[in-house]
Every structure is written in C-alpha cells, then in structure tokens.
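Down below is the structure, laid out as structure tokens.
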Amino acid sequence: MAATPLLSTGASAEDILQAGAKNDLHKILTCNIRVDLPDDEKLGFGWKGRKDICIDIMRKQKPDIICMQEVLRNQNEDLKKAFPDFFSFGFEGPEMDGPQVGYQGIAKNPIFYSTKRYDLLSAGGYWLSETPLVAGSLSWDTARARHANWVRLKDKRSGKEFRVINLHLDHKSQPARVGQIKVVEAEAQQYQKDFPQILTGDFNVGMSNAVYTSLKGDGWTDSYTKLYGDAEPGYTVHLFLGDKYPKKDLGKKIDFIFYKGDGISAVSSNIIRDAVNGRYPSDHYFVGAELKL
C-alpha cells in the first residue's frame, strides 16, 4: 500500500532503493581554515578577503558535518552566520594558551553539524595532555595547548547513532603528537568496539609517521587509503599557493578522516583543491569523505 503513491509519481523501484541508500550516506569535511592573522592580511591572504571563498567551497561539497581547525572567535561567528542550519559545537568553553592574539591566539576546533539531519545526544571535549581534564594543560614539549572536541549524533533519517571527534595535533613536537594521539585512542576505547566513530583533523604528520601507524593499529581506518590504496596522495598544505607550491613534491597529506566500528565504510573520499579566481580558502586543501552507516 505504501509503495503505490510513490510509484504513481513516476519514481521507479530503483529510484526508491537509491534514495534509501542515500539516507545512509554522511558527507564529512575536515577543514583547516587558517587563523585570521594580520600578517596574512598584508600578504593578501587575510580572512576578510577569503572567507566568502572558504564558505562557497564548503557549501559546494554539500556537507552534513564540517570539522574545522584553527578557528578564531570572529571566524566562528562568520561561519555560524553562513551556515544557519548548522550548529557549531566546541568553540565556547575554557580558553587555551595565555596569548590572546596572533598565531598562538585562542584557536579551536569546532564541529558544525546539520540540525536538519541530526539530533545532538551528547558532546564534550578534552585536552591532549597527561591531564586531559585540566584546561590549557601541556605535556611532551607541545608547542601549545591542544584539544579534541566530540559530538554524539543521532541521524533523524535512519535513527542510527555515531560519534565524531575533531582535533589538531601539535605542529612541532613528535613526542607530543604521539602522546596526544594515545590520549585520543584511550578515550575512544571507552565505547564498544562496534560503535561507529569518526576521527577528523589536521594531524601534522604523513602516513609513514608513528601517529598514523598507531591509529591503524588501534583499529582506525583511513577513508582515503581504503579507497585509493596506500600510495602517498600528495600534499594538503600549500601556503595559499595551490599547485604553485614550491615544495609540493615533498609535501604529504596531513589532513585525514578516519573511522572505526561496525557497519561504517567509506564510499568516496577526496582532496578538495578548489580555488576561486586563483584564490584559495586556506593554506590547506580541505578533505572530504562520504561515509556509509
């Protein structure tokens, strides 16, 4: 009985099956948007001149969830206005480093999720240190305080629940990066092995690094290499230069979308190299993945 009105509108059985399958797909982005710096403004890469480019390129991907890094308060406010049907979690809360301005300013890793698509069940954050409940805590010679945000969401279409963790590992200390990812692994291990979890961010390492191999050993799957193999796909940092970046032959993919748990798989993954009139949204390429639950 329920199928009759659907078919009478011209929808085939195959169309209905494809629509149902699409309900299980979730488009995830991880985007290091680069902090809003006066020095960048002087060089022509300032946030005011590229925020619309950043927003347009994100929108073009039709995301359900956007995980960002290096977000200052004014940038978070701009992005909330640009995505009124999304909720931004993870900016508000305990502050980070003492300096309030410049590259060491209070930059965070918010998670934007579609409120039309998801219900928020729970959320939180912790610090990537030996004392993860102490705000702004530093360990292992990390150059700055680092943190992870997470949300547990319920898909309104399917009723399925899953979890998203977003982070930005230290950019200078390898011992810090290793210690920080161990904190993330231990925290995620509190959940049942079959519970779907997604881990995104700027890891500041390539695929040959101990951080990457540690994650794979802990059961995390890289959505990109799952589809395209283990060959190095190339740089995601380009310093606003795109394919004119002089060190591109040495660069590595350092922005990732991982997943673990039963019933979750990668359907597509891409490095987003889009520009508008030769201008890039950030000094990083964004990375996307379509995950099926």
key: In the stretch 33-73, the residues that are among the aromatic types (F, W, Y) and assigned to a helix (DSSP H, G or I)   = W47
inquiry  = Filter the stretch 249-271 down to the residues that are free of Cβ contacts under 8 Å to residues at least 60 places away in the same chain, crowded, with 21+ Cβ neighbours inside 10 Å and either charged (D, E, K, R) or under 19 Å from E185 (Cβ atoms) (or both) and list them by number.
reply    = K253, I254
remark   = Filter the stretch 131-157 for residues that are touching an Asp or Glu at 6+ places or on another chain (Cβ under 6 Å) and small (G, A, S); the one that is nearest to T200 (Cα to Cα) is A145
note = Checked against (1) buried (at least 16 other Cβ atoms within 10 Å of the Cβ); (2) of a type outside the set (V, I, T); (3) more than 26 Å from W47 (Cβ to Cβ), Q192 satisfies every condition except (1)
query = Any residue in the stretch 209-223 that is over 16 Å from Y259 (Cα atoms) and touching a Leu at 6+ places or on another chain (Cβ under 6 Å)?
reply = no
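Residue-by-condition table, conditions (1) in contact with a helix residue (DSSP H, G or I) (Cβ under 9 Å, 6 or more places away or on another chain); (2) in a helix (DSSP H, G or I); (3) hydrophobic (A, V, I, L, M, F, W, C):
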position	(1), (2), (3)
L167	yes, no, yes
Q190	no, no, no
L215	yes, yes, yes
P246	no, no, no
query = Before we move on, is D274 surrounded by fewer than 18 Cβ atoms within 10 Å (Cβ to Cβ), assigned to a loop (DSSP other than H, G, I, E, B), touching a residue at least 40 places away in the same chain (Cβ under 8 Å) and touching a helix residue (DSSP H, G or I) at 6+ places or on another chain (Cβ under 7 Å)?
reply = yes
message = Considering only residues that are farther than 21 Å from E70 by Cβ and either surrounded by fewer than 22 Cβ atoms within 10 Å (Cβ to Cβ) or acidic (D, E) (or both), which ones fall in the stretch 107-123?
response = S114, T115, K116, R117, D119, L120, L121, S122
note = The one condition G206 fails out of (1) assigned to a loop (DSSP other than H, G, I, E, B); (2) modelled with pLDDT of 95 or more; (3) touching a Leu at 6+ places or on another chain (Cβ under 9 Å); (4) over 18 Å from I264 (Cα atoms) is (3)
request  = Go through P175, P132 for me and flag whichever is part of a loop (DSSP other than H, G, I, E, B) and farther than 22 Å from L29 by Cβ.
outcome  = P132
ask   = In this structure, is G234 under 24 Å from V35 (Cα atoms), surrounded by fewer than 20 Cβ atoms within 10 Å (Cβ to Cβ) and in contact (Cβ under 8 Å) with a residue 12 or more places away in the chain?
value = yes
request  = Among the residues of the stretch 56-80, write down those that are touching a residue at least 60 places away in the same chain (Cβ under 8 Å) and surrounded by 13 or more Cβ atoms within 10 Å (Cβ to Cβ).
outcome  = D56, I57, M58, Q61, P63, I65, C67, M68, Q69, E70
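The values are calculated or read from the model by the stated rules, or taken from the named source; none is laboratory data. The model shown is predicted, which means the values in this text are computed figures rather than measured ones. Glycine also receives a Cβ, built like all others from the backbone with ideal geometry; neighbour counts cover every protein chain displayed.
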